[in-house]
Structure formats: C-alpha cells, structure tokens
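To start, the structure under review is shown below, and the notes come after it.
The values are calculated or read from the model by the stated rules, or taken from the named source; none is laboratory data. Quantities reported herein were computed from a predicted structural model and do not represent experimental measurements. A quick note on method: Cβ atoms are made from the backbone with ideal geometry, for glycine too, and the neighbour counts reach across all protein chains shown. Ligands, DNA and RNA are stripped out before the accessible areas are found, and what is left, the full protein with its side chains, is counted by its heavy atoms. Shrake-Rupley method; radii C 1.70, N 1.55, O 1.52, S 1.80 Å.
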Amino acid sequence: MSNNQRNTSMVVCIFAVIIVGAIAVGALSYYGTSWFNWSSADTDFYFDAEVGATTGTVTLDIDLDVGGVSITFVDNASLLYDIEIVVQNTTLDTDGDPTVTFTSNTIGLVYTAAGVNITLGSGVNYTLDIDTTTGGISVALVDGAHVGDVSLTTEIGGITLAMTDDVVLLGNATFDLDSTTGGVSVVVDVPTGIGGSVEAAVGTGGVDITATGWTEITSNHYETSDYDTASQTLTVIIETTTGGITAIFT
C-alpha cells in the first residue's frame, strides 16, 4: 500500500470516529441534557448476543419513528450485536419497553422514540436496513466489517456514512442513502479490485462529489474505469429532496 493510500485510510478512520460522536451529540440534543446528567428521566436498555452457531448473512433491520441511530463495527469475531437503547420514561409509560429480536437471521428493532447505538462484530456477514421518520443515521463501516447491501432512509434528518478500505464487501453491493429533508455526507475508501460508482440526486441543495481518478459520467455521477468489467462492484446511490450532498471517494 502506498503512503497516499495509508493517509487516505487514516483520514477516513478519523472521519468515522467523528460522525459516530456526532450522532451521540444529536441524541443528546433530542433527549435533553438530563441524559448527560444521568437523570432518572431516561432509561437505558442493553441487548447483546454472540455469533455462536449463526451462519449466513445477518440483516440488521431497524424501524424508528423518532431518534438517532448510530452503527459501528469492531474486530470481534464472537460478537453478533451489542445494542444500547435510550428511552425517555414518558415514552416508556405509553409505549412500553423496547425489544430487540433475532429471528431467521434478522436482528430487529421496531420502536417509537429512542436513541440507538449499535455495535456489530466481524464474525458474520451483514446487510443493513435502517429507517427513521425523524432522526439522523450514522454508519461507520470499519475494522474489517463484512457487509453487503446497505439501505439508510430518513424523512427528516441527516445521514453520514464512512467506509475504510479494509471492509469486506459481499458480491455486488449497493448502498442506498435517502433523506427527504436533511444533508448526506459520505466518505468511502473503495477496497482494491472493486469497481465503484456513485450517483447523487438532489431537489433543493448542492451536490459536491470528489472522486479523484474516477470517470465523470455526469456532474453528479462518477465511476471507476473498471466499473463495467470488475468481478465485484460497489454502487452508491444518494438522494435528498431538500439538503446538500457531500461525497468523497478514493
């Protein structure tokens, strides 16, 4: 690996750390300073599981009405998931306790309002399907994560995604990032040997794509020279109705 590649990977790692912290700040903003002060106004719920005999691809399926979702990976082959859910007690009174399920290789969470922090391991392959009505989504694909398709959707809220080049992609992966009202920021270091494509669409707002060495198809669409011939590809589609899009690809 060249020095330039090493430097790029380092920058992306730093960016991933920053965005994971940013979503926590967003959750603080939503829940109020009482969370930070360890007030009894909120309750923390913790769910975790080990890989055990789990094989095949595992889908993380999150549906949240209000609140932020943060996802990151760690180099831990025994960890299936570690999930923290922070809920206001007033929400608990009306909606009950949140529950994380694991059925048919799907990690599932459906809830009304919460701050959700998720850590996934490196022992199985994952796909991500995250939906929020109001709230931000942050994903850091780092530490040798094994991932396939990624779908991140929010009606009101921003999306941030960062990926380092040590990630193992499954097949021809598609990352679909969709925000109705909110900005989208992406930094992706595409692994060696994988053809890449990024295409952005915005209703109201600007698009800023940096993809050095890639071919410009249109001002909002770039591809690597081997995208049509590579044995494996990554296709990133970014859409927002109102909000800016910033994307950096190397």
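Looking at Val184, Val168, Val188, which one is free of Cβ contacts under 8 Å to residues at least 60 places away in the same chain and either within 17 Å of Thr127 (Cβ to Cβ) or crowded, with 23+ Cβ neighbours inside 10 Å (or both)?
Val168
What are the residues in the stretch 197-224 that are open to solvent by 50 Å² or more (accessible area, probe 1.4 Å) and not in a strand (DSSP E or B), if any?
Thr212, Gly213, Ser219
Would you check if there is a residue in the stretch 54-71 being in contact with a Pro (Cβ under 6 Å, 6 or more places away or on another chain), modelled with pLDDT of 50 or more and open to solvent by less than 20 Å² (accessible area, probe 1.4 Å)?
No, the stretch 54-71 contains no residue that is in contact with a Pro (Cβ under 6 Å, 6 or more places away or on another chain), modelled with pLDDT of 50 or more and open to solvent by less than 20 Å² (accessible area, probe 1.4 Å).
Give the residue that is modelled with the lowest pLDDT, with candidates limited to residues of the stretch 225-250 that are closer than 28 Å to Gly158 by Cα and open to solvent by 50 Å² or more (accessible area, probe 1.4 Å).
Thr250
For Ser29, which of the numbered conditions (1) crowded, with 17+ Cβ neighbours inside 10 Å; (2) under 24 Å from Leu161 (Cα atoms); (3) modelled with pLDDT under 90 fails to hold?
The single condition Ser29 does not satisfy is (1).
Checking the structure you have, find out if any residue of the stretch 178-196 is farther than 23 Å from Ser70 by Cβ and assigned to a strand (DSSP E or B).
Taking every residue of the stretch 178-196 in turn, at least one turns out to be farther than 23 Å from Ser70 by Cβ and assigned to a strand (DSSP E or B).
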